[in-house]
């Protein structure tokens, strides 16, 4: 496709929300990646493309970036960047933007919703009422969040938003990460297994990628223990899913609230019947308001790039 009427050519990796697609089509010449997979596999090259628009899940592979020799920017609708080949982008001077900040609160809300659903057995209680079982007797006692110890793995923007919400439920917050934060008073653990042994709840809010793959392994889950609860709104790759399933089935782990999975949208079916597990379809940021704000920030980054202005939310590839 040639560049027409001075409109930049962009490559959209996966279908996006209709309103966002309409805006992109109105401002740019758009190639649709989902329609070009056979051509990509066949080695076709698109030299007119100057930007890639993608999501955190779809990313931008090395194969794709190599097929776009003039690409200048990868604009991601989301904060996850583990599916983007950052090494290739860094080497070839390709800028990368994400949409931080605008989704922190919704993701943190989802983490607390999962936590409440597991501790208070909300899904089982809902089924109890709908199935008419309340007529035969009361629902079993659930567990309170108040006074529980909440360990957060990754105290970035989302982790901090989770911490504030956990405090509002009278939970004691601590955290683990690559380094201690100078501007927070929460207790810091330099070792994840040690923190897991000290808390009732482990909430995962860390980035995905090679460096964090299976950081929550069987050893960490065993430290969390038979009364412990694991909440994951980060990436499925950060948890050893096979070890998680095994421990949920045999009772070595008390429960889990999972929004992300290692091979999503495939989810281990053995989890479906467990009353102490709450499953959601990678929807932590999926509200009308948040997705609109994410789309707008991505568009603003695209416009800034093509107008020669500084990017609003660039990913610093030297430290990513």
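The values are calculated or read from the model by the stated rules, or taken from the named source; none is laboratory data. The structure displayed is predicted, hence computed values, not measured ones. Neighbour counts are summed over all protein chains in view; Cβ atoms, including those assigned to glycine, are modelled from backbone coordinates with ideal geometry.
State whether one or more residues within region 62-75 are closer than 22 Å to residue 236 by Cα, crowded, with 20+ Cβ neighbours inside 10 Å, in contact (Cβ under 8 Å) with a residue 40 or more places away in the chain and in contact with a helix residue (DSSP H, G or I) (Cβ under 8 Å, 6 or more places away or on another chain).
Step one: of region 62-75, the residues closer than 22 Å to residue 236 by Cα are 62.
Add one more test, that the residue is crowded, with 20+ Cβ neighbours inside 10 Å, and what stays is none.
Looking through region 62-75, none of the residues is closer than 22 Å to residue 236 by Cα, crowded, with 20+ Cβ neighbours inside 10 Å, in contact (Cβ under 8 Å) with a residue 40 or more places away in the chain and in contact with a helix residue (DSSP H, G or I) (Cβ under 8 Å, 6 or more places away or on another chain).
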(request) Tell me, yes or no, whether region 17-38 has at least one residue that is in a loop (DSSP other than H, G, I, E, B) and closer than 20 Å to residue 103 by Cβ. (result) yes
(request) Taking residue 106 as meeting all but one of (1) surrounded by 17 or more Cβ atoms within 10 Å (Cβ to Cβ); (2) assigned to a helix (DSSP H, G or I); (3) without any contact (Cβ under 8 Å) to a residue 60 or more places away in the chain, write down the number of the exception. (result) (3)
(request) Being within 13 Å of the chain's Cα centre (by Cα) and buried (at least 21 other Cβ atoms within 10 Å of the Cβ) is the filter; apply it to region 84-103 and report the residue that is farthest from residue 299 (Cα to Cα). (result) 103
(request) Determine which single condition residue 132 fails, assuming it passes every other condition in (1) touching a residue at least 40 places away in the same chain (Cβ under 8 Å); (2) at positive phi. (result) (1)
(request) Please state which of the following conditions residue 97 fails to meet, knowing it meets all the rest: (1) touching a residue at least 60 places away in the same chain (Cβ under 8 Å); (2) closer than 27 Å to residue 275 by Cα. (result) (2)
(message) If I ask for residues that are modelled with pLDDT of 95 or more and under 13 Å from residue 315 (Cβ atoms), which ones from region 60-83 would you list?
(response) 60, 73, 74, 75, 76
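Table: residues versus (1) farther than 24 Å from residue 283 by Cβ; (2) modelled with pLDDT under 95; (3) surrounded by 17 or more Cβ atoms within 10 Å (Cβ to Cβ).
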site: 210; (1), (2), (3): yes, yes, no
site: 214; (1), (2), (3): no, no, no
site: 223; (1), (2), (3): yes, no, yes
site: 227; (1), (2), (3): yes, no, no
site: 230; (1), (2), (3): no, no, yes
site: 234; (1), (2), (3): no, no, yes
site: 243; (1), (2), (3): yes, no, yes
site: 249; (1), (2), (3): yes, no, no
site: 253; (1), (2), (3): no, no, yes
